[in-house]
Amino acid sequence: QVQVVESGGGSVQAGGSLELSCAASGSIFSINAMGWYRQAPGNQRERVAIITIGGSTNYADSVKGRFTISRDNAKNTVYLQMNSLKPEDTAVYYCWTLVAGRHYWGQGTQVTVSS
């Protein structure tokens, strides 16, 4: 079994910054990728950013240039630095990891950006 635990999040004014972190633990033999998704009220869950074991990254167009994803492979941890936050970034952010072909999710952390 794999556990995924997020930390960070909170409330910030528009233009501010927040950092999320997420650690995976448990029966981890091979993490293929880690990343972040988000879901705002009334919307579907959407991909924000992912990073592969090799370090390749992919970002949603809406966050390019503002968010940066990074990872520490030794700690099985992924980070999301969020700058220039906008009210439309308000959502529950979920950590995701792909381990041996199986998907695992964290419980989510709230990010609220006020105008």
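Some points to look at:
- Taking the range 44-56 as the range and being over 21 Å from residue 108 (Cβ atoms) and surrounded by fewer than 14 Cβ atoms within 10 Å (Cβ to Cβ) as the test, the residues that pass are 53, 54, 55, 56.
- Criterion: among the small types (Gly, Ala, Ser) and surrounded by 18 or more Cβ atoms within 10 Å (Cβ to Cβ) - qualifying residue of 15, 9, 65: 9
- Per-region count, the range 44-55, residues assigned to a loop (DSSP other than H, G, I, E, B) and free of Cβ contacts under 8 Å to residues at least 40 places away in the same chain: 4
- Meets criteria (among the basic types (Lys, Arg) and farther than 12 Å from residue 111 by Cβ) for residue 86: no
- Residues in the range 31-43 that are within 17 Å of residue 70 (Cβ to Cβ), over 11 Å from the mean Cα position of the chain (by Cα) and open to solvent by less than 40 Å² (accessible area, probe 1.4 Å): 31, 33.
- Of all the numbered requirements in (1) under 27 Å from residue 115 (Cβ atoms); (2) modelled with pLDDT under 95; (3) surrounded by 14 or more Cβ atoms within 10 Å (Cβ to Cβ), residue 28 misses one, and that requirement is (1).
The values are calculated or read from the model by the stated rules, or taken from the named source; none is laboratory data. Since the model is a prediction, treat every value here as computed from it, not as a measurement. Cβ atoms come from the backbone with ideal geometry, glycine included; neighbour counts cover every protein chain shown. Calculation scope for accessible area: heavy atoms of the full protein, side chains included, ligands and nucleic acids excluded. Shrake-Rupley method; radii C 1.70, N 1.55, O 1.52, S 1.80 Å.
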